[in-house]
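The values are calculated or read from the model by the stated rules, or taken from the named source; none is laboratory data. Worth saying up front: this structure is predicted, and the values here are computed from it rather than measured. Using ideal geometry, Cβ is built from the backbone for each residue, glycine included, and neighbour counts are taken over all protein chains shown.
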Amino acid sequence: MCYPLIEPSSPPHLEIVPSRAQAPRRPAARRRGEIVHAAVEIIARDGVGAFRVEDVGHRIGVAKTTIYRYFATRERLLVEAIRQITADHLRPLLEPLPPGPSEFRLEHFVFGLCQAAQQPSVQAVFGPGPAVVVAESALAGDLVKATLTRLADRLAELAGRSGVDRRLAPLAPVLVSGIFASAGWSQTTCCDSMAEALAG
């Protein structure tokens, strides 16, 4: 019996798609930055008390377990987000003083503090005060307290150099906290009230 000769044909071209586990991954530093950025946005929108890791994952399209690869706990992610908020908006106020007359430096500091206080992420963390943050995380609360103390120390230092009434120095912590609290009510209230305090 004769069988017809069948020429082998090449198999159809199959495109090999890597599985999800083999899909190219973003560099760790970039992914970590995306997670922190999303956490900052959620804190700005919802506040520290409503901050959830699930929301961060949903925002950037990753599972909660992916976030826990970079941040072992919710508290660590919260602390890193607060550090980022501080670096983005408050660090310039804590850097070495610019040259110029003391009065200019004091006005520059107060204006910068008022501007920073109006940012939603800063308002969410520093506006309600450290007690609200401490309720979520003692470590994050300590970070907020330390930042407020440094800002108050800088304000007292500048006020002293400017010849402003010496009675202002002990009030610096209250004034700094007041700026963050009043910025939530009105964008101009904090600067106006601070200007009155420094003038009088």
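Working carefully through the options 81, 50, find the one that is more than 23 Å from residue 149 (Cα to Cα) and not assigned by TED's automatic domain parsing to the domain that holds residue 161. Don't jump to the end; show me each part of the working.
Working: 81 fails: more than 23 Å from residue 149 (Cα to Cα).
Sole residue among the options that is more than 23 Å from residue 149 (Cα to Cα) and not assigned by TED's automatic domain parsing to the domain that holds residue 161: 50.
Could you list, in sequence order, the residues of the range 47-73 that are touching a residue at least 40 places away in the same chain (Cβ under 8 Å) and either crowded, with 19+ Cβ neighbours inside 10 Å or assigned to a helix (DSSP H, G or I) (or both)? Show your work before the answer.
Just the residues of the range 47-73 that are touching a residue at least 40 places away in the same chain (Cβ under 8 Å), to begin with: 47-49, 51, 70.
Those that are touching a residue at least 40 places away in the same chain (Cβ under 8 Å) and either crowded, with 19+ Cβ neighbours inside 10 Å or assigned to a helix (DSSP H, G or I) (or both): 48, 51, 70.
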